[in-house]
Amino acid sequence: MSRLDNLPDRVLALLPQTQCRQCGYDGCQPFAEALSAGQASPAACPPGGVVVEQRLRALLALAPAASGEKYLAPLPHPVLARIREAECIGCTKCLVACPVDAIVGAALQLHTVLTAHCTGCALCLPPCPVDCIDLVPAQANSDWPHPQSPAAMRIATSVAQACTHCGACPAACPEELNPERLLKDVSHANFDAAAAAGLARCTECARCDAVCPSEIPLSAYFAHGRATLAAITKFEAQARSSATRYAANLARPPFADRLRQATTDGLAELGLTPAALSDEINGAVMRAHARRAANALNPDA
């Protein structure tokens, strides 16, 4: 039996692999198992957005979600962890928390995030004793589909009437697409169906707009849909990479043990005993808290 003949594995393959626990479960695998058993909601994966929700509903033979305006923000914009270097005390707590080994550093040394591998799971934020980690938008994905894009704004502000199924738009399409079908797919966040119907071939020529008696901004829907298809491709690549790194991390000795050994090996270079190292880190935490308190009292200093 193929691995993907197993329902939990098929569900897992659709998830973003962030291991972020925002679903309420301890990682993507437990969430996949709960979904397969009917004990969790397909809408409970914030990083997956409506795209993953609709895919999960299709796989689990559940009714599609009511789309509302969800299709205008089909995938949450990727975010990355960023360490404010001047405030990092080198305590190593964030290194242990990262499920995909995307943070590098050593005890009492500056830590940094490998942005190519960071999933934005935010698991590194709670253990940081000096709160020096932020989540920031991934600038490389500035073209990610979002409700403020020109196409989405045109859709949101349109005063068009409902489609009358008049049949004028298919005849006008130079790519021999069916704009009526594509409109239904995109507006219901069924982007896989839109891809299968040839959305990528749309040139956004707007000839369908010109013949639509309901004045539906069809080309805007298709521009938004094409941007979403491109985002889905990036999303899937990131998920595959994250799954590989997470599996590799699990296959090695526990990260805390590896970090402890590396720290022990490096203590001689620092001239510290383990107890002295702990004292240094505790002192750094106290100094960071004192600095924050002083800055709060004198913001212009």
Would you mention how many residues in region 181-224 are more than 18 Å from Thr157 (Cβ to Cβ), touching a Pro at 6+ places or on another chain (Cβ under 7 Å) and assigned to a helix (DSSP H, G or I)?
3
Residues being in a strand (DSSP E or B) and closer than 21 Å to Thr233 by Cβ: count how many of those fall in region 55-106.
2
Ser41, sole failed condition from (1) touching a residue at least 12 places away in the same chain (Cβ under 8 Å); (2) hydroxyl-bearing (Ser, Thr, Tyr); (3) over 20 Å from Glu236 (Cα atoms)
(1)
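One line per residue, one yes/no per condition, for (1) more than 24 Å from Ala247 (Cα to Cα); (2) surrounded by 22 or more Cβ atoms within 10 Å (Cβ to Cβ); (3) out of contact with any Lys or Arg (no Cβ under 6 Å at 6 or more places or on another chain); (4) not assigned by TED's automatic domain parsing to the domain that holds Ile155:
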site: Ala13; (1), (2), (3), (4): no, no, yes, yes
site: Gln17; (1), (2), (3), (4): no, yes, yes, yes
site: Cys28; (1), (2), (3), (4): no, yes, yes, yes
site: Ala34; (1), (2), (3), (4): no, no, yes, yes
site: Ala37; (1), (2), (3), (4): no, no, yes, yes
site: Ala40; (1), (2), (3), (4): no, no, yes, yes
site: Gly48; (1), (2), (3), (4): no, yes, yes, yes
site: Leu60; (1), (2), (3), (4): yes, no, yes, yes
site: Pro74; (1), (2), (3), (4): yes, yes, yes, yes
Given the residues Leu95, Leu123, which is the only one that is over 22 Å from Ala231 (Cβ atoms) and either polar (S, T, N, Q) or touching a Leu at 6+ places or on another chain (Cβ under 8 Å) (or both)?
Leu95
Exactly one of these conditions fails for Cys88: (1) more than 27 Å from Ala44 (Cα to Cα); (2) within 20 Å of the chain's Cα centre (by Cα). Give me its number.
(2)
Only residues that are at pLDDT 95 or above, surrounded by 14 or more Cβ atoms within 10 Å (Cβ to Cβ) and in a loop (DSSP other than H, G, I, E, B): list them for region 149-174, please.
Cys173
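The values are calculated or read from the model by the stated rules, or taken from the named source; none is laboratory data. Everything quoted here is computed from the prediction, not taken from an experiment. When we count neighbours, we look across all protein chains shown, and the Cβ atoms used for this are built from the backbone with ideal geometry, even at glycine.
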